[in-house]
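Just so you know, all these numbers are worked out from the coordinates, no wet-lab data involved. Source: prediction; values computed, not measured. Using ideal geometry, Cβ is built from the backbone for each residue, glycine included, and neighbour counts are taken over all protein chains shown.
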Amino acid sequence: MRYTSIPPGYLTTELAAQACGVKPATIRDWVRRGILTRAAGSARHPLYAVDAVTAAKTAPKPNSTRTRRAEVNSA
């Protein structure tokens, strides 16, 4: 399903990726990590609020490999 018109204030995964200068897979990863949340749409075709995408772009992102190794070594 492709959106014929997107509600104002929302972005598709592809548009959010373009706005952040990343690949769509990165947007999906941010959602999985809880950095970005879906605001509307369906599970297969989510929409993200423009404000949330902007916040996610500037949010600190942990490096999963280094973070996990540090947590394991400190335990």
Proxy exposure order for 26, 58, 4 (fewest C-beta within 10 Å first) is 4, 58, 26
Full extension between residue 4 and residue 40 adds, at 0.36 nm per residue less the Cα distance, a length in nm of 11.4 nm
How far apart, in nm, are two points set 7 Å out from the Cα along the Cα-to-Cβ line at residue 32 and at residue 58?
2.7 nm
In which sequence would 42, 5 go, from the one with the fewest C-beta neighbours within 10 Å to the one with the most?
5, 42
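Cut-off is 10 Å between beta-carbons; in what order do 10, 48, 3 appear when sorted fewest neighbours first? Present the calculation step by step, with values, prior to reporting the outcome.
Values: 10 20, 48 25, 3 12.
Placing the least packed residue first, the sequence is 3, 10, 48.
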Listed by chain and number, the residues whose amide H is under 5 Å from that of residue 47, excluding neighbours fewer than 5 places away on the same chain and using placed H, are 39, 40, 41, 42
Could you derive backbone 3J(HN,Hα) for region 8-23 from the dihedral phi with the Karplus parameters 6.51, -1.76 and 1.60 (θ = phi - 60°), listing whole Hz in sequence and x where the residue is Gly or Pro?
x, x, 10, 10, 6, 4, 5, 5, 5, 5, 4, 5, 9, x, 10, 8
